[in-house]
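Undergrad: One structure, pasted below without further comment.
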Amino acid sequence: MLSLLITPIGFMLSGYLAARVFPNSQGSGIPQAIAARHLHDDEDRGRLLSLRIAVGKIVLTVLGLFCGASIGREGPTVQVGGSIMLTVARCGGIAQARGLILAGSAAGIAAAFNTPLAGIVFAIEEMSRAYESRANGVVLTAVVLSGLAALGLAGNYNYFGEASVAPTEVKDWALVVICGVGGGGLGASFSGFALHFGQRVRRWVHPRPLQRAVIVAGLCGLAVAIVGVASDGATFGTGYEQARGAVEGHAPPLMFFTEKLVASFLSMLSGIPGGIFAPSLAIGAGFGSTVGSLFGSSIALAAILGMAGYFSGIVQAPMTAFVIILEMTGDHQAVMPIMAVSMIGYITSRILTHEPLYHGLSRVFIASAIRARRSAEKRPTGD
């Protein structure tokens, strides 16, 4: 019950520091990195990516996890990596800032999950939405260096261990369709509600940004604590243990994925720094394992397919979903099912919502950076 006190206070402290001390550090940081690539003015980019923001991102993400927020520590590595590479570009007088931001983002994903291929695919499919041949060398070099650093610090590992499961019966193949459609639909719903309610919250906060941002964070923190207590603490944190358990064949409680989805949505809506990558994988694994339990199919296979379907639905990047799930689980026996689920989840999500979550959020930061520059230009200067 102590979490009913610690979690709201932690959310409020994190929200205050994010708004006052480390502005533009809110959320996962991926929208900020995308926005910085679209901006042409160096000062505008600096408002979204800087070493100060990177430090704040790390500290406040740790604070949020300590307080029980349903956030991930991996997504923020994109903004941290982009910030480091942009600083290198500015200090070295390098003109290719957009390519270096792309490289830093790819390196962040590669190092966080030990998934070098997923880092490259993420950079191409999600960050740039196009193939940029000029950035080939710098992206690959950054991913290799970050991968070597991760290997040196943590060793060679699969994020969710080793899995070797594949469809063997008709009901197993039915999971492909159900996890694809169901996971894509859940992902689209999360994205759509996050964009809609996020806009409403920003409008309400705007007249008194600091005071009301802290109030929103505190209320969301209290709601997250209530959900956490109701789930016996299962929804606190990244959800890694539950997701890995599902991949190993141990299904979490049937309602875990709905509770985790609510806690993740509230954590994101609060505006505190933290990613949605790891919680999304936990939600997908919970959804898939629930479907697998109801069908009497392999829990491990259902969890892997559920992760692919939901993750593809929420980010609308099917290649990234396929590659990252494959590298995380090492399940080469289910390559085709994972690919199919990722594509079905993507199509389902696109039908329900046309705007990807990260790119929808990036427009907010682009507009904010431009407004801040115009405000600075209008401000009178002293003689």
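Undergrad: Conditions: (1) closer than 15 Å to Val323 by Cβ; (2) modelled with pLDDT of 80 or more. Ala103 meets all but one. Number of the miss?
TA: In the conditions (1) closer than 15 Å to Val323 by Cβ; (2) modelled with pLDDT of 80 or more, Ala103 misses (1) alone.
Undergrad: Is there any pair linking a residue in the range 147-172 that is in contact (Cβ under 8 Å) with a residue 40 or more places away in the chain and closer than 19 Å to Gly330 by Cβ to one that is surrounded by 12 or more Cβ atoms within 10 Å (Cβ to Cβ) and of a type in the set (Lys, Arg), with Cβ under 6 Å and at least six apart or on different chains, and which?
TA: Between residues of the range 147-172 that are in contact (Cβ under 8 Å) with a residue 40 or more places away in the chain and closer than 19 Å to Gly330 by Cβ and residues that are surrounded by 12 or more Cβ atoms within 10 Å (Cβ to Cβ) and of a type in the set (Lys, Arg), the close pairs are Phe160/Arg244.
Undergrad: Ok, one more. Output the residues belonging to the range 274-290 that are of a type outside the set (A, V, I, L, M) and assigned to a helix (DSSP H, G or I).
TA: In the first step, residues of the range 274-290 are kept if they are of a type outside the set (A, V, I, L, M); the result is 274-275, 277, 279-280, 284, 286-290.
Those that are of a type outside the set (A, V, I, L, M) and assigned to a helix (DSSP H, G or I): Phe277, Pro279, Ser280, Gly284, Gly286, Phe287, Gly288, Ser289, Thr290.
Residues checked against (1) closer than 24 Å to Gly64 by Cβ; (2) surrounded by fewer than 24 Cβ atoms within 10 Å (Cβ to Cβ):
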| residue | (1), (2) |
| --- | --- |
| Phe265 | yes, yes |
| Met268 | yes, no |
| Ala278 | yes, no |
| Leu301 | no, no |
| Ser312 | no, no |
| Gln333 | no, yes |
| Thr348 | no, yes |
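Undergrad: I would also like to ask the following. For the range 66-80, give me the residue count where each residue is under 14 Å from the mean Cα position of the chain (by Cα) and part of a helix (DSSP H, G or I).
TA: So the answer is 5.
Undergrad: Go through the range 291-310 residue by residue and tally those that are assigned to a helix (DSSP H, G or I), modelled with pLDDT under 95 and of a type outside the set (A, V, I, L, M).
TA: 3
Undergrad: If you go through the range 199-213 one residue at a time, do you hit one that is surrounded by 23 or more Cβ atoms within 10 Å (Cβ to Cβ) and in a helix (DSSP H, G or I)? Let's see the steps before the verdict.
TA: Going through the range 199-213, the residues surrounded by 23 or more Cβ atoms within 10 Å (Cβ to Cβ) turn out to be 213.
Now restrict to residues that are in a helix (DSSP H, G or I): 213.
So far as the range 199-213 goes, yes, one or more of its residues are surrounded by 23 or more Cβ atoms within 10 Å (Cβ to Cβ) and in a helix (DSSP H, G or I).
Undergrad: Just to be sure before I move on: is Leu153 more than 20 Å from His250 (Cα to Cα), part of a helix (DSSP H, G or I) and not assigned by TED's automatic domain parsing to the domain that holds Gly286 in the structure I sent?
TA: On the way: more than 20 Å from His250 (Cα to Cα): yes; part of a helix (DSSP H, G or I): yes; not assigned by TED's automatic domain parsing to the domain that holds Gly286: yes.
Here the answer is yes, as Leu153 does meet what is asked.
Undergrad: Let me ask you something else. Here are some residues: Arg73, Arg47. Which one is charged (D, E, K, R), within 30 Å of Leu2 (Cβ to Cβ) and surrounded by 19 or more Cβ atoms within 10 Å (Cβ to Cβ)?
TA: Numbers: Arg47 fails: within 30 Å of Leu2 (Cβ to Cβ).
Of the residues listed, the single one that is charged (D, E, K, R), within 30 Å of Leu2 (Cβ to Cβ) and surrounded by 19 or more Cβ atoms within 10 Å (Cβ to Cβ) is Arg73.
Undergrad: Based on this model, can you work out whether Met343 counts as modelled with pLDDT of 95 or more and under 18 Å from the mean Cα position of the chain (by Cα)?
TA: Judged against the criteria, Met343 is not a match.
Undergrad: Scan the range 348-360 and tell me whether some residue there is small (Gly, Ala, Ser), within 18 Å of the chain's Cα centre (by Cα) and closer than 26 Å to Ala217 by Cβ. Full working, then the answer.
TA: The first filter runs over the range 348-360 and keeps only residues small (Gly, Ala, Ser), leaving 349, 360.
From what is left, the residues that are within 18 Å of the chain's Cα centre (by Cα) are 349, 360.
Next, only the ones that are closer than 26 Å to Ala217 by Cβ stay: 360.
Scanning the range 348-360 turns up at least one residue that is small (Gly, Ala, Ser), within 18 Å of the chain's Cα centre (by Cα) and closer than 26 Å to Ala217 by Cβ.
Undergrad: Name, by its number, the condition in (1) closer than 25 Å to Glu126 by Cα; (2) part of a helix (DSSP H, G or I) that does not hold for Gly271.
TA: (2)
The values are calculated or read from the model by the stated rules, or taken from the named source; none is laboratory data. Keep in mind that this is a model prediction, so the values were computed, not measured. Cβ atoms come from the backbone with ideal geometry, glycine included; neighbour counts cover every protein chain shown.
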